[in-house]
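Data block below; observations after.
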Amino acid sequence: MGWFRITAWSVMVLLAFAIGIYALGYFLIPEMGGADFKARFEAIPWQARLHIIPGGLALILGAWQFHGGLRSRWTNIHRYFGRAYVIFVLTGAVGGLLLAWYAPHSPATRLGFASLAVVWFYSGVMAYLAIRTGNVPLHRQWMIRSYALTLAAVTLRFQLPLYQGVLWMSFYEAYSIVAWFCWIPNLLIAEWFINQTPLRKTASAG
């Protein structure tokens, strides 16, 4: 693994861990989170927990599935982590779909987050089915798509203050855009990465 991939993976792990812990902190640390944010979640407590807790765990755990040493030297740990990740994704996606119904301001915002939940769930199912049939290359591709969607939790938190602070959008204007742009660019980058020649060679080698 070259220095660029090591650096990119390390940054991904740090961001995933930071945002994952931050998300879980909403339910562990009373002082964390704004009053308005907490009030919205307290109105729909079980939907929020069904999405945020598994989503935070999937974010933290999923990053380690891309560690080459874990896959090659500690295969059993990789498998256990992978099973747990898929469970967290499927659970978090169901919670996300329920939570999308309560997204503020506009139907476009709700549709954006609902679409993310559906595609996220689908990618988790496809990754699981691929590995169950022994198709490792296809499994890797679906895992890349799945984790790109999981990373929407990270890109959302970068984009929202950017739209508000730089483009002077209101929270609701920014939120309606983030509902789509926190995950569509991630998925496009994942597709570009999957279609690179080095990845295809790796995949064909199993």
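The values are calculated or read from the model by the stated rules, or taken from the named source; none is laboratory data. If you're wondering where the values come from, they're calculated on a predicted model, not measured in any experiment. Here the Cβ is made from the backbone with ideal geometry for all residues, glycine too, and neighbour counts use every protein chain on show. The protein model used for the area step is the full one, side chains on, heavy atoms only, and it has no ligands, DNA or RNA in it. Shrake-Rupley method; radii C 1.70, N 1.55, O 1.52, S 1.80 Å.
Within region 80-94, which residues are closer than 17 Å to GLN65 by Cα and open to solvent by 60 Å² or more (accessible area, probe 1.4 Å)?
TYR80, PHE81, ARG83, ILE87, listed by residue number.
Could you figure out which of (1) crowded, with 22+ Cβ neighbours inside 10 Å; (2) closer than 26 Å to TRP64 by Cα isn't true of LEU99?
Checking LEU99 against (1) crowded, with 22+ Cβ neighbours inside 10 Å; (2) closer than 26 Å to TRP64 by Cα, the one that fails is (2).
Could you pull out the residue among THR150, THR109, THR133, THR155 that is farther than 20 Å from GLY92 by Cβ and β-branched (Val, Ile, Thr)?
THR133
Within region 47-134, which helices (runs of 4 or more DSSP H) (wholly inside it) include 2 or more residues that are touching a residue at least 40 places away in the same chain (Cβ under 8 Å) and of a type outside the set (Lys, Arg)?
75-100, 107-132
Restricting to region 145-155, name every residue that is assigned to a helix (DSSP H, G or I) and either open to solvent by 30 Å² or more (accessible area, probe 1.4 Å) or of a type in the set (Lys, Arg) (or both). Break it down into steps so the answer makes sense when it comes.
The initial filter retains those residues of region 145-155 that are assigned to a helix (DSSP H, G or I), namely 145-150, 152-155.
Selection gives ARG145, ALA153, THR155.
Can you tell me which of ILE184, ILE177 is within 13 Å of the chain's Cα centre (by Cα) and without any contact (Cβ under 8 Å) to a residue 24 or more places away in the chain?
Of the residues listed, the single one that is within 13 Å of the chain's Cα centre (by Cα) and without any contact (Cβ under 8 Å) to a residue 24 or more places away in the chain is ILE184.
Being modelled with pLDDT under 85 and open to solvent by 70 Å² or more (accessible area, probe 1.4 Å) is the filter here, so list the residues in region 158-196 that pass it.
Within region 158-196, LEU167, TYR172 meet the criteria.
Can we say LEU138 is of a type outside the set (D, E, K, R), closer than 20 Å to LEU188 by Cβ and more than 16 Å from the chain's Cα centre (by Cα)? Break it down stepwise before answering.
On the way: of a type outside the set (D, E, K, R): yes; closer than 20 Å to LEU188 by Cβ: yes; more than 16 Å from the chain's Cα centre (by Cα): yes.
Yes; evaluated as a whole, the condition is true for this residue.
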